[in-house]
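The values are calculated or read from the model by the stated rules, or taken from the named source; none is laboratory data. Remember, it's a predicted structure, so these values are computed and weren't measured experimentally. Glycine gets a Cβ as well: all are built from the backbone with ideal geometry, and neighbour counts include every protein chain shown.
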Amino acid sequence: MADNLWTQILYLLCTALICVASSVLNCHLSCTCASNIVSCSKKDLLHMPTVFPHYTVSLDLSHNSLKRLRADWAPAPLKRLQSLLLNQNKLSFISTDAFSLVPHLKYLDLSSNEIKALGENHFSKLRELEVLLLYDNAIGQIDRSAFEDMHKLQKLYLSQNQISRFPLQLVKESSRLPELLLLDLSSNKLKTLPIQDLNGLPAWVKNGLYLHSNPLTCDCELYGLFTHWHIRQFASVVDFREELNCTLVAYQKEIVNVFSLLLVMNCSEIKESAMEAYVGKTVTMDCDTKQRGMAQKWITPTNELISPETNNSNQTVTVLSNGSLQFRPIKAEDRGIYTCHATSTMFNETLYVTLMVNNVTHHDTLNTAYTTLVGCIASVILVLIYLYLTPCRCLCRSDEKHRNENGDSVHSSVLSTTSNHDTASDKVALNRHVAFIEASANLQGQVSKLKLNGQEPQDTRGTEKPQRKMSDPGSASSVFSDTPIMV
């Protein structure tokens with residue numbers, strides 16, 4: 001009896017151990033296990049398997065019919081999981097807490113699903129993720145915080161979606177995705193690009209920014225952007241040159257290659273521009289390489305080697321910790337072509353930067369422009385005052401009529417420099433007259449005489465013309481027709 005009891009106890013213990021072992025080491029009946037790799041690919045799964053070994057490093061659930069990824073898709077956290085493949089499913093819903101179970105995930109493939117939007121903090125729990133594949137979905141909306149706290153993300157694939165607005169925050173705000181090296185936005189619905197913002201990006205971002213196969217609108221700025229990238233031999237342009245097309249709106253929406261716009265739209269030829277600086281300023285020259293973290297050395301126009309190892313406190317030209325060359329202050333003799341040699345274990349690159357130094361300071365240039373502007377404004381104001389605010393001209397006296405029998409007319413305008421308290425005799429001496437004499441054809445050359453103080457000229461016909469005294473300030477005569485005389 002006792003032996004039977006012990007036999008039953010041993011049987012139950014063995015069964016329990018087998019069950020425990022099977023729950024820990026069990027792969028789902030539809031999956032295949034190989035060490036720490038679990039593959040459930042192409043098993044026509046409609047629901048997520050309920051149990052995964054806790055030591056799983058790579059989990060493949062691709063090519064199934066999964067529709068939802070809930071927060072409790074795994075009964076326990078998979079803290080060792082580094083690769084999760086969910087591509088080629090029918091996923092349309094992904095919980096924001098679904099990835100809290102895999103905090104150390106580095107590779108996530110969600111391509112070829114039915115995802116339409118990326119919501120708030122969608123992937124924020126994946127702080128160690130390096131590669132995220134979201135291509136071939138139906139994504140049309142991306143929340144600004146969808147990729148928050150993903151400080152180690154290096155590659156983001158968003159091609160073949162419905163994105164119509166360039167997600168500038170992903171590349172412009174360097175603190176958001178500081179390690180991002182590749183952003184694939186090809187084959188979307190982008191019609192316009194933020195050209196100025198893209199021009200300001202570092203070269204290593206431009207080198208991995210793929211924008212081909214979008215319905216871009218043709219213009220010369222777009223041509224300049226991609227031509228500059230092609231000159232720098234960025235992989236995003238060189239590798240997909242034939243697929244960089246745009247639409248000519250003015251030509252019945254004809255699709256042409258971007259690099260043909262030089263002839264089609266008569267765009268200006270693009271050349272590398274020089275760096276301009278002003279004497280006495282602190283200037284920093286960047287070695288804008290296509291890869292990050294490269295060792296950099298500079299060669300000056302006088303063939304002098306400048307590197308972090310050669311820096312000293314007495315130099316005005318030094319290499320900063322990020323490899324940039326700093327002039328403090330810059331001098332006129334610093335102008336010329338500088339060469340940057342960047343090296344790494346996998347890639348070498350040489351860049352040439354032309355530096356132009358102006359003797360006139362930027363401050364003086366602004367002062368000159370300001371002075372010129374003020375002078376122009378003052379001139380306009382004076383002209384307006386002259387045209388609209390000058391005193392009214394005195395009207396000719398009504399009793400002044402044509403006195404000349406041949407129709408000569410004399411119009412006078414009195415200019416007085418005397419004050420109101422001057423005497424009458426002073427006024428006589430200081431008054432001046434401007435006479436405009438319109439002579440008839442048969443009286444050209446006739447002498448007209450004008451008396452001061454409004455007196456009418458006397459008829460001198462038949463009498464001898466008195467000779468004018470040189471000391472007489474009160475008379476004036478003119479023998480020229482149509483000519484004003486100051487008297």
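Here are some notes:
- If the condition is being closer than 15 Å to V283 by Cα and not in a strand (DSSP E or B), then segment 311-321 contributes Q315, T316, L320.
- The conditions of being out of contact with any Cys (no Cβ under 7 Å at 6 or more places or on another chain), crowded, with 18+ Cβ neighbours inside 10 Å, of a type in the set (S, T, Y) and over 19 Å from L225 (Cβ atoms) are met by S112.
- When K271, K281, K290 are checked against the criterion of being touching an Asp or Glu at 6+ places or on another chain (Cβ under 9 Å) and of a type in the set (K, R), K290 stands alone in meeting it.
- Flag if L263 is of a type in the set (A, V, I, L, M) and exposed (fewer than 13 other Cβ atoms within 10 Å of the Cβ): yes
- Any hit, segment 117-130, residues being in a loop (DSSP other than H, G, I, E, B), more than 38 Å from the chain's Cα centre (by Cα) and more than 25 Å from G208 (Cα to Cα): no
- Per-region count, segment 294-310, residues surrounded by 13 or more Cβ atoms within 10 Å (Cβ to Cβ) and in a loop (DSSP other than H, G, I, E, B): 4
- Residues in segment 142-178 that are outside any loop (DSSP other than H, G, I, E, B), modelled with pLDDT of 95 or more and under 24 Å from the mean Cα position of the chain (by Cα): L156 only.
- So S186, is it hydroxyl-bearing (S, T, Y), surrounded by fewer than 17 Cβ atoms within 10 Å (Cβ to Cβ) and out of contact with any Cys (no Cβ under 8 Å at 6 or more places or on another chain): no
- Of everything listed in (1) within 29 Å of the chain's Cα centre (by Cα); (2) surrounded by fewer than 21 Cβ atoms within 10 Å (Cβ to Cβ); (3) modelled with pLDDT of 95 or more; (4) more than 19 Å from S174 (Cβ to Cβ), the single unmet condition for L134 is (2).
Conditions tested, residue by residue: (1) out of contact with any Pro (no Cβ under 9 Å at 6 or more places or on another chain); (2) outside the structural domain of K155 (by TED's automatic domain parsing); (3) at pLDDT 95 or above; (4) within 30 Å of G323 (Cβ to Cβ).
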residue: L181; (1), (2), (3), (4): yes, no, no, yes
residue: S186; (1), (2), (3), (4): yes, no, yes, no
residue: K189; (1), (2), (3), (4): no, no, yes, no
residue: Q196; (1), (2), (3), (4): yes, no, no, yes
residue: G200; (1), (2), (3), (4): yes, no, no, yes
residue: A203; (1), (2), (3), (4): yes, no, no, yes
residue: Y210; (1), (2), (3), (4): yes, no, yes, yes
residue: D219; (1), (2), (3), (4): yes, no, no, no
residue: K281; (1), (2), (3), (4): no, yes, no, yes
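Residue-wise test of (1) in contact with a Cys (Cβ under 7 Å, 6 or more places away or on another chain); (2) exposed (fewer than 14 other Cβ atoms within 10 Å of the Cβ); (3) within 17 Å of K281 (Cβ to Cβ); (4) at pLDDT 85 or above.
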| position | (1), (2), (3), (4) |
| --- | --- |
| Q326 | no, no, yes, yes |
| C340 | yes, no, no, yes |
| M346 | no, yes, no, no |
| H363 | no, yes, yes, no |
| Y370 | no, yes, no, no |
| I377 | no, yes, no, yes |
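- Answer from R165, R241, R176 - the residue that is closer than 20 Å to F147 by Cβ, touching a strand residue (DSSP E or B) at 6+ places or on another chain (Cβ under 9 Å) and either touching a residue at least 60 places away in the same chain (Cβ under 8 Å) or surrounded by fewer than 19 Cβ atoms within 10 Å (Cβ to Cβ) (or both): R165
- Hits in segment 236-292 - residues which are outside any helix (DSSP H, G or I) and among the β-branched types (V, I, T): T247, I255, V256, I270, V279, T282, V283, T284, T289
- On inspection, S268 qualifies as loosely packed, with under 12 Cβ neighbours inside 10 Å and touching a residue at least 24 places away in the same chain (Cβ under 8 Å).
- Any hit, segment 73-84, residues being surrounded by 13 or more Cβ atoms within 10 Å (Cβ to Cβ), in the same structural domain as I142 (by TED's automatic domain parsing) and assigned to a helix (DSSP H, G or I): no
- Extreme residue, surrounded by the fewest Cβ atoms within 10 Å (Cβ to Cβ), among residues of segment 244-259 that are closer than 16 Å to H230 by Cα and in contact with a Phe, Trp or Tyr (Cβ under 9 Å, 6 or more places away or on another chain): F259
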